[in-house]
Ligand SMILES: CC[C@@H](C(=O)O)C(=O)SCCNC(=O)CCNC(=O)[C@H](O)C(C)(C)COP(=O)(O)OP(=O)(O)OC[C@H]1O[C@@H](n2cnc3c(N)ncnc32)[C@H](O)[C@@H]1OP(=O)(O)O
């Protein structure tokens, strides 16, 4: 406040007051009259009633890589309420998976996800803010898992599907796939947290452009936008692409000890969300102390590695 107050002589008192009240006014405009915290348990019970599809989780202790599949192929893997609850449950399991290093999020039958299941959406038109609260909790936990995560974008990744892929650390895209934040064309802002994540990923300008244009991008365009980290350059059967994506994750980011990989990811998440330099450094120092002088460091020292 004192730094802000020092600009009063330059700005004038009225303009200064307006500057202070603007964020509150903006918040009120955006938030309406809602004030109470959402009860996620009650929302979960309500969402479970919207059936259809499933989310399937496979965890491999050997490789430390899990695969979470969106499974609603008749509707291009769009999400029902039941699928949202299943995803939340699986993330709770993954949060405690000590052998884990990585997670691939993909869809069955050659599509990632075409957003919210419109059959569900039509029945849940009274329940938007509640569903958003549930998805915000789930996708924040997905983003903050102590695993390196990658979304495999095949076929269609639209609306909520595009939101979903921003809750992973990386995105791999098949060369013929398409991705777009089409919510604005459906008369909506984002419901599953992508505005917040896009601003953090790319800054205000690009987030605004992606969200207000509703543009659907090819793989090459998405890579130019920085939305995608790797394109599968040659066409393969969707299941082969899943296997290539898993290997991409394993060979790039999951080669080392699970405890060490999880500590590195958890430290990155902590630095990202704490916003406090001193606190962040304390967590980083603790993590370092845990591995310093440990077996992996000693083995590496003995191996006299040349990092060519
Ligand atoms: C709350 C979520 C919200 C958010 O806030 O983020 C959103 O997600 S908004 C975005 C919602 N998604 C859409 O609006 C996608 C609408 N669908 C399409 O644009 C097209 O289907 C497609 C994805 C471009 C694919 O086109 P095409 O290849 O021509 O296939 P079909 O159109 O024939 O689709 C096959 C089949 O799948 C059904 N489908 C597709 N997407 C959805 C969906 N999101 N929900 C329910 N069903 C979906 C489509 O209706 C077809 O079924 P049948 O009509 O029974 O053949």
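Details
- Residues that are touching a residue at least 40 places away in the same chain (Cβ under 8 Å) and either at positive phi or in contact with a helix residue (DSSP H, G or I) (Cβ under 7 Å, 6 or more places away or on another chain) (or both), drawn from the stretch 237-262: 238, 254
- Qualifying residue in the stretch 115-129 (condition: more than 12 Å from the ligand (Cβ to nearest atom), closer than 22 Å to residue 265 by Cα and not in a strand (DSSP E or B)): no
- Filter pass, residue 76 being at pLDDT 95 or above and more than 20 Å from residue 95 (Cβ to Cβ): yes
- Residue match in the stretch 184-198 (condition: part of a helix (DSSP H, G or I), more than 22 Å from residue 249 (Cβ to Cβ) and free of Cβ contacts under 8 Å to residues at least 24 places away in the same chain): yes
- Matching residues, the stretch 74-84, being in contact with a helix residue (DSSP H, G or I) (Cβ under 8 Å, 6 or more places away or on another chain) and buried (at least 21 other Cβ atoms within 10 Å of the Cβ): 77, 78, 79, 80, 81, 84
- Residue within the stretch 102-109 that is buried (at least 21 other Cβ atoms within 10 Å of the Cβ) and over 30 Å from residue 185 (Cα atoms) present: yes
- Filter result (more than 8 Å from the ligand (Cβ to nearest atom) and buried (at least 16 other Cβ atoms within 10 Å of the Cβ)) within the stretch 185-195: 193, 195
- Residue check, residue 283 closer than 27 Å to residue 150 by Cα and in contact (Cβ under 8 Å) with a residue 12 or more places away in the chain: yes
- In the stretch 160-180, the residue that is farthest from residue 220 (Cα to Cα) out of those that are away from the ligand (no atom under 12 Å from the Cβ) and assigned to a strand (DSSP E or B) is 170.
The values are calculated or read from the model by the stated rules, or taken from the named source; none is laboratory data. This structure is a prediction, so every number in the text was calculated from the model and none was measured. Cβ: placed from backbone, ideal geometry, glycine included. Neighbour counts: every protein chain shown.
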